[in-house]
Amino acid sequence: MKRRSLILISATAAFLLVLSIGTLIKPDVDFSPDENRYLTQKPAISVNNLLDGSFENTSEEYLSDQIIGRQKWVEMKSLTEAALGINDINGVYLCMGGRAVERITEADFDQKNYLKNLTQTAELADVCDEQGISVSTMLVPTAAYVYADRLPDNALTFDEDEAFRQAEEILGDGLIDIRNSLIAAKPKEEVFFKTDHHWTGRGAQIGAAEFLRSAGKISSAEKTISCSLETLSSEFRGTLYSKVLLKTIETDIIETSADARNADIKVEIEGKEYNSLYFDEYLGKKDKYAVYFGGNYAEVDIMTGAEEYGQTSKEKLLIIKDSFANSMVPFLLDDFSEITMVDTRFYRGDISRLAEDYDRVLLVYSVNNFAKEKMVLTGSLLK
């Protein structure tokens, strides 16, 4: 027994020694693609950071981030937790059917800011209505709401029904409620990614069709909901996967409108012109969702070519949005001569002034992002 204990202690000590030496001599890693974040680098030693304790804290983070074989350790930890029945890992619920869903509780949902943004949206609608410009708002429900039947027992969420009731009370007919359409589709089709918080190509297609239907473009809505989808990637692992690193979750498929892939359009982003909505180089990277436009920008202008072909009756659309709109826009190209997207996180101009040049305005946000956003819709942020 004594010899066995000695062997065990010696083996453990040798393992820790090898682990420590290996961690210290291996080159530091700057970025973790799977976790989609930059890792802590070796801290510099100074009198100040030694005295205030920041050196000790940073050193702990550095050793945790740079430990040799870190990727495997994190994966092993997630597998162990999942095997033990732990279904809430790093702010992500592990759901039935091999799905990861972001945990958003009442504490995470900024109720005060949500109501403020709804009021601003209603004010923008009033300003635009005086000029004959239609304003609609599409709040995309969370995956936790749509897939509520697959959440773990006792999973904490926020009262999404109440949030939509408040939106309807303030926005009235200007609210496009797509909850039932997404829920109706999900038994047969994936409307949200399993590894990411965004909706799938099919979810975005449903959203586009509901917008067109609300705009009175019934035939266009029917055509949109039935249009063919083209697969861009079948190896997508999104932001939720980056939090849990659980390889038992299947990879996702990114799909888009087959017609949009070959559309004759002009896209202007930050002064540069492109002839496609798609940046295929991102399909070989971790953030494959950035295949749409290459990410998010203050303003993106899309000319569909309608006017060049004499289709002057087509409307111009302004979309005020978060990243959910990026995958939805490809389904709207046939119905508008010009589509401009502005992201309130980066845009600093007066959106109400910008809206004067358009026939319709559409706000597209996931409901929880809408509650976080610090919006200024009827004034300029430029100082």
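For segment 315-383, the strands (runs of 3 or more DSSP E) that sit wholly inside it and include 1 or more residues that are among the hydrophobic types (A, V, I, L, M, F, W, C) and in contact (Cβ under 8 Å) with a residue 60 or more places away in the chain are 360-366.
Restricted to segment 102-160, and to residues there that are in a helix (DSSP H, G or I) and basic (Lys, Arg), the residue that is most open to solvent (accessible area, probe 1.4 Å) is Lys112. Only one of the numbered conditions (1) of a type in the set (Val, Ile, Thr); (2) open to solvent by 10 Å² or more (accessible area, probe 1.4 Å); (3) over 13 Å from Ala100 (Cα atoms) is not met by Thr251, and that is (3).
So, Leu317, is that one modelled with pLDDT of 95 or more, open to solvent by 10 Å² or more (accessible area, probe 1.4 Å), touching an Asp or Glu at 6+ places or on another chain (Cβ under 9 Å) and of a type in the set (A, V, I, L, M, F, W, C) or not? No: the conditions fail for Leu317. The C-beta contact set for segment 238-256 (first residue of a type in the set (Ser, Thr, Tyr), second residue part of a loop (DSSP other than H, G, I, E, B) and open to solvent by less than 10 Å² (accessible area, probe 1.4 Å), distance under 6 angstrom, 6+ apart or interchain) comprises Thr239/Asp196; Tyr241/Thr195.
Among the candidates Thr239, Thr256, the residue that is within 24 Å of Val342 (Cβ to Cβ), open to solvent by less than 20 Å² (accessible area, probe 1.4 Å) and β-branched (Val, Ile, Thr) is uniquely Thr256. Do we have Lys217 as basic (Lys, Arg), touching a residue at least 60 places away in the same chain (Cβ under 8 Å) and surrounded by 17 or more Cβ atoms within 10 Å (Cβ to Cβ) here? The answer is yes for Lys217.
The values are calculated or read from the model by the stated rules, or taken from the named source; none is laboratory data. Computed from a predicted structure; not experimentally measured. Cβ coordinates were reconstructed from backbone atoms using ideal geometry, including for glycine residues, and neighbour counts include every protein chain displayed. The accessibility values were calculated without ligands, DNA or RNA, using every heavy atom of the protein model including side chains. Shrake-Rupley method; radii C 1.70, N 1.55, O 1.52, S 1.80 Å.
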